[in-house]
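The next block holds one structure in the form of structure tokens; read it before the comments.
The values are calculated or read from the model by the stated rules, or taken from the named source; none is laboratory data. A quick note: this is a predicted structure, and the numbers were derived from the prediction, not measured. Here Cβ is always computed from backbone atoms with ideal geometry, including for glycine, and neighbour counts include all displayed protein chains. What goes into the accessible areas is simple: the full protein's heavy atoms, side chains included, and nothing from ligands, DNA or RNA. Shrake-Rupley method; radii C 1.70, N 1.55, O 1.52, S 1.80 Å.
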Amino acid sequence: MLYGMYLSAAGLIASSYRQDVIANNIANSETTGFKRDLALLQQRPTPAEGFGPLDDSGDPMLDSLGTGIFASPTTVDTSQGELEPTGNNLDIGLQGSGYFGVSNNGQVRLTRNGQFLVNAGGQLVMADNAQETVLDPDQKPIQISGTLPVTIGSDGTIMQGGKAVDKIGTFNVADPAALRKDGDTMLSFPQDSALTTASPTYRSGYIERSNVEPTTELTELMEMQRQLEANANMIKYQDETLDKLVNDVGKIS
Amino acid sequence: MAITALHAAATGLRALSTDIDVIANNLANSETTAFKGSRVNFEDLFYQTLKQPGTDGSTGQIAPSGIAVGLGTRIGNTEIDMSQGSMQNTNNPLDIGIQGPGFFRVKVLSTLGDGTAYSRNGAFYVNADNELVLGVGDGYQLVPPVTIPTGVTNITISQDGNITGLKAGAEAPTTIGQIKISQFVNPQGLSQLGGSLFQETAASGPPIESIPGDQGSGQLLQNFLEASNVDPVNELVNLIKTQRAFELNSQSIQTADQALETVANLRRS
């Protein structure tokens, strides 16, 4: 009986965790280059599945009894976000797989956020942080000299005054699941994983919108609310049954 | 618990309400000469790691990736849209528009930074001391200074900033002065003073002064003023989008609140 209550409690906690993730997705529905998190849940393996039958005299029914639910590792939905025109030629939206490489004091991270600026030193940097330099395919900072207008081709080539100056690099990692969100639209990757060159289409004058779909998120949010209530009700019913068991059964009048 | 959801949604509401403020200011300035609209850039906040990647699971399996919950959003920066505004004919010979990048340099109050500011508003007047001054605020003097002698007619300003005029009694026009243009490596890094003035910062880099048309700077267009570069249609679409996103976040708050209420009422009396 108490075992069932803990199963319901695990379900309640799992639903609440999913609500947290959905709330973060909704909060970032306007964040450039944001990829929504998927809060997946999984069934906890039964003792028999996990460790084998407990002992020879084990009750097969107890061995195969479900053991509730827990959160799976966070998965990121990397589907393409819509491209929104901005008219600023240093805004670049990527179409296809790949991430921009950004270096901050030697630490390289990846991002899909293509809002760039040229800082006072003439380096191409992230619009929100002049210390984060955008990298070329050789993982070197991109230097732009003078004030001549800059255009960016669909393969990432930076043209200034009719001449190719440099190229904006894009990279992929072997295992996208190993990417970790750091906030500020930055993704860090394990140091032992090598970057490979990617070749998406670069759209200058566009930004990639967040791939959060309000309809999906709100539907999931409602679903989670009801699931949470269902589990809460299960706890109440089991409590009622326990009440009967403890207080009514075997009552001596 | 749902507290995280409450806070994440609150960060969304806060950031989006700033977005509405910026859009409202853009719309309010859709008729301001040489106004440059701003745009709000959003970023995700830090992630709370509930489970590190690579840890052992209850049944001995090793998790290939961890469990992380994001804590919401914030505004990364507001970015000035330095794109060209359309040119409006005014038929006033002292109205000058800049076609392309660059700013007029003007002298402002010495208490404002280094006493120099930059503007694209080219509505110039001649003050009592015959100096060419901006028609906004206190009549900021153009730098390098240009003096228009009394009685000069037929003032012509060429694309490269050369000012010529016909002095009283003279037959051929003479050169009166030269207007120069200042550019910045990172014009988005300028600070906005209001009154269509911008000021140099460490982020913008030092000004690069040139004759209009040189080093990629814009050319001058006499008799024209640059209109605001705010596109009302775009701003209104953004406003609608922002309002809906705001409402979505309030839904997150309500759901999280109801979840907390459900949990709070778990115990039967």
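Please give the helix B:2-28 orientation as an angle from the longest Cα principal axis of chain B, in degrees from 0 to 90, rounded to the nearest 10. Tilt relative to chain B: about 20 degrees.
222 nm [θ] for chain A, helices only, -39500 (n - 2.57) per DSSP H run of 4+, per residue, to 500? So the calculated ellipticity at 222 nm is -8500 deg cm²/dmol.
Compared with the dominant Cα axis of chain A, that is its longest principal axis, helix A:214-243 is turned about 20°.
Each residue of region B:80-93 is assigned a 3J(HN,Hα), and the resulting list reads 7, 7, 8, 5, 5, x, 6, 9, 10, 6, 10, 6, 10, x Hz, derived from the Karplus form 6.51 cos²θ - 1.76 cosθ + 1.60 (θ = phi - 60°), x at Gly and Pro. Here region B:87-226 exposes an accessible surface that is 50 percent carbon and sulfur, computed with a 1.4 Å probe and the other protein chains kept in place. For region A:1-44, accessible area lost to neighbouring protein chains reaches 30 Å² or more, against the chain alone with a 1.4 Å probe, at A:L12, A:S16, A:Y17, A:Q19, A:D20, A:A23, A:N24, A:I26, A:A27, A:N28, A:E30, A:T31. Region A:87-129 and region A:135-164 have Cα centres separated by 12 Å. In this structure region B:87-226 gives 45 Å² per residue of accessible area when probed at 1.4 Å with all protein chains present. By the rule of a C-alpha distance below 21 Å, with chain neighbours fewer than 8 residues away ignored, the lysines paired with A:K236 are A:K244.
Carbon-plus-sulfur fraction of the accessible area of chain A, 1.4 Å probe, in percent?
That share works out to 54 percent.
For B:L50 and B:Q88, the difference between the fully extended length at 0.36 nm per residue and the C-alpha to C-alpha distance is 7.9 nm.
Bridging of B:K167 to lysines at a Cα separation below 29 Å is possible for B:K107, B:K180, once same-chain residues fewer than 8 apart are set aside. So how much accessible surface do B and A hide from each other in total, probe 1.4 Å, in square angstrom to the nearest 100? Approximately 5100 Å² gets buried when B meets A.
Computed extension length for A:Q143-A:M222: 23.5 nm, one decimal, from 0.36 nm per residue of separation with the Cα-Cα distance subtracted.
Would you rank A:D138, A:D175, A:D77 by solvent-accessible area, highest first, keeping every protein chain in place and using a 1.4 Å probe? Spell out each step's value before the answer.
Numbers: A:D138 115, A:D175 80, A:D77 35 Å².
My answer, sorted largest first, is A:D138, A:D175, A:D77.
Indicate the residues belonging to region B:177-202 that lose 50 Å² or more of solvent-accessible heavy-atom surface (probe 1.4 Å) upon moving from the chain alone to the assembly of all protein chains, ignoring ligands and nucleic acids. Listed by number, the residues meeting the 50 Å² cut-off are B:V185. Note that the protein assembly as shown shows a convex hull volume over its alpha carbon atoms of 168 Å³ per residue.
Which of B:K51/B:K241; A:K140/A:K163; A:K35/B:K36 have a Cα-Cα distance over 24 Å? Please report the intermediate quantities before stating the final value.
Numbers: B:K51/B:K241 35 Å; A:K140/A:K163 19 Å; A:K35/B:K36 30 Å.
In this structure, B:K51/B:K241; A:K35/B:K36 lie more than 24 Å apart at Cα.
Compute the accessible area per residue over chain A, keeping the other protein chains in place, probe 1.4 Å, unit Å². Kindly include the intermediate steps, with their values, before the conclusion.
Values: 11950 Å² over 253 residues.
Ligands and nucleic acids excluded, the result is 47 Å² per residue.
Each part reduced to its alpha carbon centroid, region B:95-165 and region A:219-253 end up 79 Å apart. Relative to the longest principal Cα axis of chain A, at what angle does helix A:2-27 sit, 0 to 90 degrees, rounded to 10? So the inclination is approximately 20 degrees. Basic side chains Lys and Arg get +1 at the Cβ, acidic Asp and Glu get -1 at the Cβ, and with that the dipole of region B:87-226 about its Cα centre reaches some 40 debye. Distances between placed amide hydrogens fall under 5 Å for A:T157 paired with A:I168, all partners being 5 or more residues away or on another chain.
Pairs of alpha-carbon atoms within less than 8 angstrom and 6+ residues apart define the contacts here; what relative contact order does chain A have, in percent? Write out the running numbers ahead of the final one.
Details: 481 pairs, mean separation 68.6, N = 253.
Worked out over chain A, it gives 27 percent.
Beta carbons within 10 angstrom, averaged per residue: use that to sort the peptides A:216-227, B:175-186, highest first.
Numbers: A:216-227: 16.7, B:175-186: 20.5.
Per-residue Cβ counts within 10 Å, averaged per peptide and sorted highest first, yield B:175-186, A:216-227.
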